[in-house]
Structure formats: structure tokens, C-alpha cells
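Below you'll find the structure, written out as C-alpha cells, and then a few comments.
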Amino acid sequence: PEMSVYTSSHIAEIVHGNLIKGEEDNRIEYLLTDSRKLMDAGTTLFFALDGFRRSAAPYVEELYTKGVRNFVVSSNFACNSFPGANFIQVDNVLRALQNLATWHRSRFSLPVIGITGSNGKTIVKEWLNQLLEKDFQIIRSPKSYNSQVGVPLSVWQINATHTLGIFEAGISQPGEMQSLQTIIQPAIGVLTHIGDAHGENFNNLKQKIEEKLLLFKQVRGLIAPGDNLLIAETIRSSSIPCIFWGKQEHCGIRITGVQKGSSHSTIRIQIDSRQIINLLTQANQPHQPAAEPLVACQFQIPFTDDASIENAIICFSVLLNMGYDVEKATAEMHLLKPVEMRLELKKGINNCSVINDSYIADISSLRIALDFLEQQQQHPRRTVILSDFAESNDAEKLYHEIAGLLQQKGINRFIGIGSLLEKYKELFQQRMPETNFFASTNDFIRQIHNLKFHDETILIKGARTFALENISSLLEQKAHQTVLEVNLSSIVHNLKEYQRLLKPSTKIMVMVKAFSYGSGSYEIANILQFHNVDYLAVAYADEGVELRKAGISLPIMVMNPEESSFHAIIENSLEPELFSFNILASFIQFIRHQGLKNYPIHLKIDTGMHRLGFELHEIERLVEMLKEQSFVKIQSVFSHLAGSEDPTLDDFTQYQAAQYRQACALIQERLSYSFMKHIANSAAIVRHPELQLDMVRLGIGIYGADESAEDKINLIESATLKTTIAQIKTIKAGESVGYGRTGKIVRDSVIATIRIGYADGFRRNLSNGKGKVYLKGKLAPVTGRVAMDMTMIDITGISDVREGDEVIIFGEQLPVTQLAKWADTIPYEILAGISQRVQRIYFEE
């Protein structure tokens, strides 16, 4: 076949699969492993990868109904139910995907930079792209596609126009890197910082380093940190040609000094030109002979943090490895720009939602942004604002593909900014219901009021040079500078951590009551629905109604139904939790009057919590009441554990479990149908795995605040509450701060006033040093009383603090569990108490 053309029969040959041929030998352009990310059904090949908890079979059926006709499946898959489709049967679907990517990579002779390490891979990749894009047509991993699945999907994007590849490789256990090396085939290697991330599956750090070095076994040159002696010794014993960077004398690229300013750092380097020339000579690379064996130079970068300094030195070292002379390499470094690693979702004007991705414009990141847009169900109308992309060898083909992607995703309105989009506007006008085009961002801003944005989700996506963040700031709902940032990627990570502990048959109900513990309603529900949880639970019917209005179709249990809410419950297909004879009788009577049958309900059993629920001695009466009617049907029977997180209460937890099992047995033996059983909450999932049953209820654990899970699963705090400094003052000893003069100053002190108070959810009992906040790497105690809108903190001894600086109230650096201890409460109360006036920003990394 042609260089860039594949068909299903050709791919069957490449992966050594058995082809069950359909009606046509289709042309294949897209590889798909996630059914939710379908772009073009006609040219897509779906690899049916079985997950840990789910078979891929239902997704084959789903995609077949959407028009996909090409599938790679396991050899035992039943293909006869899908007439006209091409099925490639293989022994191992993942291996087939990797073999196809390896074969595709072998068709291209372009040099590739391969990057691995524990931290910094994506930043280094993006910075190398910034530094090299003027000289090369680059293909690189989208975002952080560096896994066993992500790498082949990245490499598949290579085509004949590319002259350089930059790909990440990430591993979590031994035996994974060899397959990635075969796919990537790097000529230049980059080893970033090696830390503890994903280290739990390795015997020791040396084994982890050795596994990562497998990526570089055929490189002509490796860049690696030389100050880590274990890394240096392991590389030397491997015979991989390498240039080390660091402060040690043996490093070919030696750091002799770093000077940090307020916004820039100057890095001084001494280069052993003999090592560089030797490496380039062995690789037959062009190089400039050096007059001196040791060459001193310096460069400046617009960053001051240690991680950025380290990553910049790595990039500088790569430029030298590629044959750039010192003068050109140093001249490029000040051009480095921040890399936005996340997609942000914010509330917008006129009941809009705004997704800000106004930092980079390429086809891979556009697909990711459109996937994120598709997750949002709160508005039926979707708008995309897009700038010109970087120059392309075939611009018409590029914009034709972009227009097709937007059409595939059902975009209602498209707004193009830039001369190229204006030039190819007919491609979009043919496919979009509504289009507008502007020559520049300023032209758009001048006419923004004529575009009438309301009740829609708006994706803003483009190149940094277009400054689309100015558009984002105009469309976002204005709020004060205290914000709650919710990391949706962390929520997904935590969900998967709990799923690892569950049997494949165990369902998951996620509690999103009380505004998802303060984190948001539909924003959290959207991501949970996208990742296929089985149930949601809310406290009151109006919360469920709001989720239905936002497009959430998952089953929703209402934990505190009231008679006045029965109409809303059935109109929105919500499922009530019934816990007493009065509420049960009322609901049955209501359903009877509505003429409905078998309406799903959930029964709560009181096994010792003594809050709500039917007690054991009431079960016989309960069953008699249910047997005599056909208006409601039990969907589940459950109970609530009082102390599953507390080892001292384990005997009581087992008592509750025994009471619950007895109640379920009594109900089941008298009914003609089965029902789901669930009693385990977040802590019980971890500490009492025998209580998984049919379903578990995941609560605050999904937000990373489950103390019982420490040292058992790797949870990440998903919420960060932050504010800014309004003013800084120097207060003399003997004076006081705040109401009631309770903040006595015993020494000359520097006091900062921050923009948060008890009206935002920062509790008043954190006053007078009981609470602390995180600032510039240190904890600053609260001084005086917390006021309604402001709080004073003592920043004496914390250097380089300015008005406007960011202050963390809780987050990764200061866990919400710690703040809760200082406030004599629990994380639930802290999270649920964050005021609605605090702006929520949702982002996906």
C-alpha cells in the first residue's frame, strides 16, 4: 500500500491476526481504544481492550451502532452478531496495537527523542518542541500519552511531513519498557529526574533505573542527571553513550552557578567540548570544533523554581546533543514559555460554562480538548473558539481535518480567529450550523457583544501568540480572588485506586450530595458519568433535579426524600431511599395515584447507627407491606456503618454487618426477585474488603481525603482552596490585630491580610494561631480573629512575600485533613462548608 494508507486486511497481516472480512476492506486512519473518543466512524479501527473491571464487548456493540466497522478483538470474541464489519482476531489485543505502531514507526527514518523519568517528562517534551519547532516539523506525544496504550497511539500519528519525533515513555512495573523502546526507537535519549513515583512495583531504585534505561539501548546519545551517583554508575555499566549534566566534576555539562532574580534565573554552564564532540563524532553528526576543551557560557530563563531550572538545563543539553553550537543553544533558552498542563472549566457569563485551553494549537491537543468538551452535559449548545494553528505543509488538509472533527463532535457554533481560518472558512461553513470569522483576537473582542453568548459551553482553544486568554477573561463569571480548584484528573485517579480493590462484579455508587462535598454538582457528576460509575447519590431531590437538567443520565438515589418532592422524583426518574413505614406508605400511595408500577426504591436498614432506617425487628412487617403491592420494587437494600475507619470499632462494624446480612436474608426469602446489597463506604472498601457485596458507596475518598486509606492506596487530594494577599503591614510589638484585640503582637511582626473569611468557609475557630496557611513553602499562623471576609496571618521570617501572592488554605501542600484537625472537625465539614461565593475552577490535566 501507499506510505500513509492502511486497510483492515493489511493491518491483519501486520499483527498476524485472523481477518473475518465484512462488506468492504476499509481504509484506516484512526486507532481507537476508548469508545467515548470516537472521531470518524468510517475510518476508525477499534482495539477492544478488556479493562480490569469491564469486558470490551459492550463497547464493540456501542461503536457498531455508531457506524464503526473495523475491530481488533480477542480470538474468542463472537463476531457473528455484527454483519458487514471487519474483525481482526488476535491472541493479545494490546500486543496487536503495539505491533502495529512498531511496524508504522519502522516506515519512517526521522530522528526521535525519547524521554523517560519520574518527573518532568511532559514539560521537557513541550519545551523541546518550543525550542526546535522553527527547524523541524515535529510530531510529539499528545499531553502525557506515555503508557503501554498511549505510546502506540502517539507514534501512529507520524506521517511523511514530520522531520522529528518527541515521545514520552512511562512505566509502572518491570517488563514494560522493552515494548515501548521497540515502538519509539529513539536516537536521542533523555532521562529526567528519578523519584518515588510508580516505585511500588520495583524491588529498589536500581531496578527502576535499569528498567527505564532499556528505552535507550540503541540511542546515539543520552542526556542524564550526573549528580545522582546511582544513575551515573548504572549508565556507565550499561555502555550507553551519555552526556551527564549536573554540578559534579565528571559532568560534561557542568552547572557552575544559578542566580535567581524576581522573575528570571541566570544559569552558568561549563561545557566539556571534548565529550560533546566525541558523542557527535560517534553518531556522525555535524559539529563545530571547539577552540578550548572547556567552554563557559550562560543563559537566562523566565523561571525561578528549581524544577524549571533543571528542566531547562536538560533541554539545553539536548540541543548540544543534536549538534547545535553553544551560541545558538544559549540564544534560544530565554524564549521558553510556561506549559499549561491542564484544561480549565469555569462558570461563565449568562449561564455559560467556559473551557480555557488558550495556550497551544495542534491537532492532537484539539482532540483532547474536544473530548473534555463532550464530557460536559450541562448545556445542549456547544461553541468552539479557535485560532489559527501553526504553519503546516498542507494547510488545506489540516483545516479540512479540523472541520471534520468539529462536525463529528456536533459543535453548534464555530468562531475562527486568524487569517488562515478566514482563508479556509468555507470548509467550516459547509459543516457547521453557525460560523463567525475574525482576523485577530482584538477584532473578536470589539464585536463580542454582538455574538450573544448564553446557555452554552464554550471551548477556547488556540496558539499562545493569539492571546486568547483575553477572550476567556471576558467570558468568565467574575468573582473575588478566593477560588476552589478541583482537579478532575485526581478524582478519576482516586476512583481507579478504589476500583483496584473491588471485584469486577462490584458496582460503585458515588456520593455527590451537598454540592459534592463542596466541590460542585454537575461538574463532578459529568466526569463520573464519563468514567462509567454505576450510581450517584444526592441528599435531596432538588440536587438530583439539577443533575438531570445538566444532562446526567446515571441512576440517582435520593437519600432524604420528602413528600413534597415526590413529583420531582418521578418526573426526573430519581430513586428514593425509604427508611420508615410512614415515608414508604406515602410513596406507595403516591405511585399508585400516578398509575405506575414497579418504581425503583432503596430500603435503608438501621443496624446500629440509629439515625435512619428500618430495624431488624421491623423486617417482617416491612416485607408484608411490600408483598401486598406492585407499585414499588426494591432496587437495593443497604445500611450505614458507624465507624468503619476506626480499628477500635471493628467489632461493632462486624456486628452491624451481621445484622445487615440477617435483614437481607429475611427480605430475600419472602420476595420473588433479587436486589442489590451494599453497606461499604469509602473506609470499608479499604479496611473491610469482605463487605464489598453487590455495590459500594464511595464518598469523601474520591476527593482524596480518606485517612483510613493512607499507606494502602495512593490517593491525591483533588481540591485546593487558595486566596491572595490583599495587604502587608509591619506591626510593632505591643500592638494588636483584628477584632477584640485578641491578636496580641509580642515582637515586631510582618502581618499579611488575606482575602478569605468565615463567609467563605474558613472557620472562625481557626483564629489566634490555631489555624495556619501555606505560603512560599512555609506555614503562616492566623493572627487575631478570622473576620467575615478577611483573615490576618503572621508572615514574619518568610522571605520574598508580596501583595497579590497566592496563599494555600488547603491542598496538596496542606491537606484538608490537617486543617480539619486544627478546626476540631472532620474534612467533610470543611469541604461542604466552602461558600458558594467562592469560585470553582475545574481542570483536567
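Among strands (runs of 3 or more DSSP E) entirely within region 781-845, having at least 2 residues that are in contact with a Leu (Cβ under 7 Å, 6 or more places away or on another chain), open to solvent by less than 10 Å² (accessible area, probe 1.4 Å) and among the aliphatic types (A, V, I, L, M) singles out 806-810. Checking each residue in region 619-648 for being in contact with a strand residue (DSSP E or B) (Cβ under 9 Å, 6 or more places away or on another chain), open to solvent by 50 Å² or more (accessible area, probe 1.4 Å) and not basic (Lys, Arg) picks out only Gln635.
From the list Gln173, Gln178, Gln148, Gln130, the one residue that fits, being surrounded by fewer than 21 Cβ atoms within 10 Å (Cβ to Cβ) and either of a type in the set (Val, Ile, Thr) or within 22 Å of Cys315 (Cβ to Cβ) (or both), is Gln130. The requirement of being open to solvent by 30 Å² or more (accessible area, probe 1.4 Å) and touching a helix residue (DSSP H, G or I) at 6+ places or on another chain (Cβ under 6 Å) is fulfilled nowhere in region 78-95; no residue meets it. For Phe444, the test of being in contact (Cβ under 8 Å) with a residue 24 or more places away in the chain, among the aromatic types (Phe, Trp, Tyr) and over 27 Å from Lys37 (Cα atoms) is passed. Scanning region 181-222 for residues that are touching a residue at least 60 places away in the same chain (Cβ under 8 Å), open to solvent by less than 20 Å² (accessible area, probe 1.4 Å) and assigned to a strand (DSSP E or B) returns Ile188, Gly189, Val190, Leu191, Gly221. When region 223-247 is filtered for residues that are open to solvent by 20 Å² or more (accessible area, probe 1.4 Å), out of contact with any helix residue (DSSP H, G or I) (no Cβ under 8 Å at 6 or more places or on another chain) and either closer than 16 Å to Thr116 by Cα or part of a loop (DSSP other than H, G, I, E, B) (or both), the ones remaining, listed by number, are Asp227, Asn228, Ser239, Lys247. For the residues Ala550, Ala568, the requirement of being open to solvent by less than 20 Å² (accessible area, probe 1.4 Å) and at pLDDT below 95 singles out Ala550. One residue stands out in region 732-766 among those that are in contact with a strand residue (DSSP E or B) (Cβ under 7 Å, 6 or more places away or on another chain) and in contact (Cβ under 8 Å) with a residue 60 or more places away in the chain: the one that is surrounded by the fewest Cβ atoms within 10 Å (Cβ to Cβ), namely Arg755. Quick check on Phe581: is it over 20 Å from Gln668 (Cα atoms), of a type in the set (A, V, I, L, M, F, W, C) and free of Cβ contacts under 8 Å to residues at least 60 places away in the same chain? So Phe581 fails the test. Scanning for something among the small types (Gly, Ala, Ser), in contact with a helix residue (DSSP H, G or I) (Cβ under 9 Å, 6 or more places away or on another chain) and under 30 Å from Ser489 (Cβ atoms), does region 786-808 turn up at least one residue? No, region 786-808 has no match at all.
Of the listed requirements (1) closer than 19 Å to Val90 by Cβ; (2) open to solvent by less than 30 Å² (accessible area, probe 1.4 Å); (3) hydrophobic (A, V, I, L, M, F, W, C), Val5 misses just one: (1).
The number of residues in region 571-627 being touching a helix residue (DSSP H, G or I) at 6+ places or on another chain (Cβ under 8 Å), on the phi < 0 side of the Ramachandran plot and among the polar types (S, T, N, Q) comes to 4. Within region 248-265, the set of residues being outside any loop (DSSP other than H, G, I, E, B), within 21 Å of Leu319 (Cα to Cα) and out of contact with any Lys or Arg (no Cβ under 8 Å at 6 or more places or on another chain) comprises Ile253, Ser265.
Out of region 258-312, which residues are of a type outside the set (A, V, I, L, M, F, W, C), open to solvent by 30 Å² or more (accessible area, probe 1.4 Å), at pLDDT 85 or above and over 39 Å from the mean Cα position of the chain (by Cα)? Matches in region 258-312: Gln270 only.
When the residues of region 316-329 are narrowed to those that are farther than 16 Å from Asn278 by Cα and free of Cβ contacts under 8 Å to residues at least 40 places away in the same chain, which ends up least open to solvent (accessible area, probe 1.4 Å)?
To start, the set of residues in region 316-329 that are farther than 16 Å from Asn278 by Cα comprises 316, 327-329.
Remaining after also requiring free of Cβ contacts under 8 Å to residues at least 40 places away in the same chain: 327-329.
On the way: Glu327: 147, Lys328: 83, Ala329: 0 Å².
Residue satisfying both the conditions and the ranking: Ala329.
Within this structure, Ala96 fails the test of being at pLDDT below 90 and among the small types (Gly, Ala, Ser). Being of a type in the set (S, T, N, Q) and either touching an Asp or Glu at 6+ places or on another chain (Cβ under 9 Å) or open to solvent by 10 Å² or more (accessible area, probe 1.4 Å) (or both) is a property that Ser365 has.
Quick grid of which residues meet (1) within 17 Å of Arg840 (Cα to Cα); (2) hydroxyl-bearing (Ser, Thr, Tyr):
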| residue | (1), (2) |
| --- | --- |
| Leu451 | no, no |
| Thr457 | yes, yes |
| Ala467 | no, no |
| Ser473 | yes, yes |
| Glu476 | yes, no |
| Thr482 | yes, yes |
| His493 | no, no |
| Leu501 | no, no |
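Applying the criterion of being of a type in the set (S, T, N, Q) and either under 18 Å from Leu336 (Cα atoms) or open to solvent by 30 Å² or more (accessible area, probe 1.4 Å) (or both) to the residues of region 110-127, the residue that is farthest from the chain's Cα centre (by Cα) is Asn119.
The values are calculated or read from the model by the stated rules, or taken from the named source; none is laboratory data. From a predicted model like this one, the values you see are computed outputs, not experimental measurements. Using ideal geometry, Cβ is built from the backbone for each residue, glycine included, and neighbour counts are taken over all protein chains shown. Note: accessible area is taken over every heavy atom of the protein model, side chains too, but ligands, DNA and RNA are not part of it. Shrake-Rupley method; radii C 1.70, N 1.55, O 1.52, S 1.80 Å.
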